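The values are calculated or read from the model by the stated rules, or taken from the named source; none is laboratory data. These figures come from a predicted structure and were not determined experimentally. Please note: Cβ atoms are built from the backbone with ideal geometry, for glycine as well, and neighbour counts cover all protein chains shown. Side chains are part of the model used for accessible areas, which takes the heavy atoms of the whole protein and leaves out ligands, DNA and RNA. Shrake-Rupley method; radii C 1.70, N 1.55, O 1.52, S 1.80 Å.
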Amino acid sequence: MGWSNPPVSWNELERRLSGRPVLDNPEHDSSPGYSRKRPAYEAQNERVRRPEVPVVPYAELHCHSSFSFLDGVSEPEELIEEAVRLGLSALAVTDHDGLYAAARTAEAAQAFDLRTVYGAELSLDLRTPQNGVADPEGQHLLVLAHGVDGYHRLARSITAAQLRGDEKGRPRYDLEELAAEAAGRWTVLTGCRKGAVRQALAAGGTEAAATELDRLTALFGHDHVEVELIDHGQPTDSTTNDALAGLAADHGLPVVATNNVHYATPSDARLGAAMAAVRARRSLSDMDGWLAGPGAHLRSGVEMTQRFFRYPGAVARSVQIADDCAFNLQQASPRLPRPEVPEGHTPISWLRELARRGADLRYPHCREEAEARLQRELGVIEEKDFPGYFLIVHDMVAFARERGILCQGRGSAANSVVCFVLNITAVDPIRYQLPFERFLSVSRDEEPDIDVDFDSDRREEVIQEVYRRYGRHNAAQVANVISYRPRMAVRDAAKALGHSQGQ
């Protein structure tokens, strides 16, 4: 079809050609082949109104999004919007054993100029995955990353634990390894009731809790451990916080107030309870003894100050920690490895040489027009400092072709003469008048997508070559996040509400 799109959407065109029935709401298509690309976040300014009265500075440092599957309730965007509405100074997203929500959190926060902190709640000493368990086992370690370096260190540690685990949902951490990797670039909070200090306090009293607190400070450093106070309005919250505050004073440690957030607003508490029942594979009535009361929602600085007035400095301390940790996630963009180039060449000079050789083969007739377009594209690539990226893709495609592995570049890369002459794509952009700017423009800050399909029967050979050249710690495979389809969501929710499977 060239550059002219059909008068109907590609989704509708595919539906007609495949004979799929018309749906009342395409968003609710539960067919196996259905997929939807998430659109860019748009700030809902008319719905999110910042407080008009003076606010008390407060940063929420312990918050789970829906990426803590069946534990956190709210989407990252909902948490950001509520944090802005409440006038929070910053928000930390600390999902279980991953940084899954980081990109969406950063995108939404940027729209409102809200500072973001990135961390995770690490699950220690798991014997099995925890779905299907009413009260998950193990201990939690809440980690907040200090800037880009701390973020990369945390990502490495989580990756290593997930790879070390022998089944999905059971990462395996070593506390001493975590402390060594942290190297002073993390802040560790004592955490919720699953934290080692609170568990010891409940089981063995203040002496046992002091031992666990000493262990954390010995591993992570006295200046990098904070005693966390949480008040959801439960009967034992005040006495527990009093004991923790006393331990902090005895050890010369600061206390910090958080709300151990699992949903954005108070009205989400019922959904949180239902999701806990789904996770445990029980009905809500069977979960009654394990369900926490409502209260794990975002609160304003004023409300937090009222709840923690007996612990001076606990609310203000949250802002100090956020000041140390907050950063723009774009600063954490990974750096590509420097490709090997022949002696006497730089990446851009070698890319120009390869492009010239390819142009001699691809454009023996319309060379003048092709040369002008080629030099314009190479100029943009050089200006954006992307030559190494193109060389890496070229090397992988060349490797596959040398070994007879079928491969083909596709998507917007077909708009690039550089990709065409490097033999990455097979469509001539000049012949079909395809605009280069659809693929890469000077306003773009990150490398463009060059999608290459490899023969599925021999794709593993290419993957292993990537590992061999760049190392297993420098290459990754991207996975889609699984989400509920409406039918399964209704079915699981009905079970939680006590309906039989037949009903």
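For the chain, the relative contact order is 14 percent, taking Cα pairs closer than 8 Å that sit 6 or more residues apart in sequence and dividing their mean separation by the residue count. Annotation for region 260-332: trypsin sites (Lys or Arg not before Pro) lying in DSSP loop with at most 12 further Cβ atoms inside 10 Å of their Cβ are Arg310. In plain terms, if you count all Cα to Cα distances in region 310-355 and split them into 10 Å steps from zero, the share in each step is 19, 22, 17, 14, 13, 10, 5, 0 percent.
The translational diffusion coefficient of the chain, from Stokes-Einstein at 20 °C and 1.002 mPa s with a Kirkwood hydrodynamic radius over alpha carbon pairs, comes to 82 µm²/s.
Quick note on region 288-392: its Rg to Rh ratio, both from C-alpha atoms and Rh being the Kirkwood radius, is 1.43.
At q = 0.14 Å⁻¹, what is the base-10 log of I(q)/I(0) for region 395-503 according to the Debye formula with one equal point scatterer per Cα and no solvent? Please give it to two decimals. Relative scattering, expressed as log10 I(q)/I(0), comes to -0.73. Each 10 Å bin, from zero up to the one with the longest distance, holds this percent of the alpha carbon pairs of region 38-129: 17, 47, 27, 8, 2. With both labels modelled 7 Å from their Cα along Cα-to-Cβ, the Glu340 to Leu271 distance reads 5.3 nm. One decimal place: the segment Glu446-Ala475 gains 8.7 nm when fully extended, by the rule 0.36 nm per residue minus the C-alpha distance. Taking packing as the residue-averaged number of other Cβ atoms within 10 angstrom, the listed peptides 154-165, 283-294 run from highest to lowest as 154-165, 283-294.
The accessible surface of the chain, taken with every protein chain in place and a 1.4 Å probe, is 50 percent carbon and sulfur.
For region 364-448, dividing the convex hull volume of the Cα atoms by the residue count gives 94 Å³ per residue. With the cut-off at under 17 Å, measuring from each backbone N in region 194-212 to a point 7 Å along the Cα-to-Cβ line of Thr239 picks out 198-209. Across all directions, the shadow cast by the convex hull of region 178-327 built on its C-alpha atoms averages 10.1 square nanometres. Based on protein heavy atoms only, region 183-300 ends up with 42 Å² per residue of surface accessible to a 1.4 Å probe. The translational diffusion coefficient of region 142-263, from Stokes-Einstein at 37 °C and 0.692 mPa s with a Kirkwood hydrodynamic radius over alpha carbon pairs, comes to 215 µm²/s. Calculate how many DSSP beta bridges within region 127-268 are antiparallel, expressed in % of all such bridges and rounded to the nearest 5. So the antiparallel bridges in region 127-268 amount to around 35 percent. Summarising the label geometry, the points placed 7 Å from Cα in the beta-carbon direction at Arg401 and Arg164 lie 4.3 nm from one another. Given axes a ≥ b ≥ c from the Cα gyration tensor, I'd like to know whether region 135-209 is rounded (a/c under 1.5), prolate (a/b larger than b/c) or oblate. Oblate.
Per DSSP helix of 4 or more residues, -39500 (n - 2.57); summed, then divided by the residues of the chain. What does that give at 222 nm, rounded to the nearest 500? When only DSSP H runs of four or more count, the value is -13000 deg cm²/dmol. Residue by residue, region 249-254 carries 3J(HN,Hα) couplings of 5, 5, 9, x, 10, x Hz when phi is fed to the Karplus relation 6.51 cos²θ - 1.76 cosθ + 1.60 (θ = phi - 60°); x denotes Gly or Pro. Of interest is the spacing of the C-alpha centroids, which for region 295-363 and region 423-495 amounts to 20 Å. Report note on the peptides 249-262, 91-104: ranked by the mean count of other C-beta atoms within 10 Å, highest first, their order is 91-104, 249-262.
Note on surface exposure: His473, His499 rank His473, His499 by accessible area, highest first, 1.4 Å probe.
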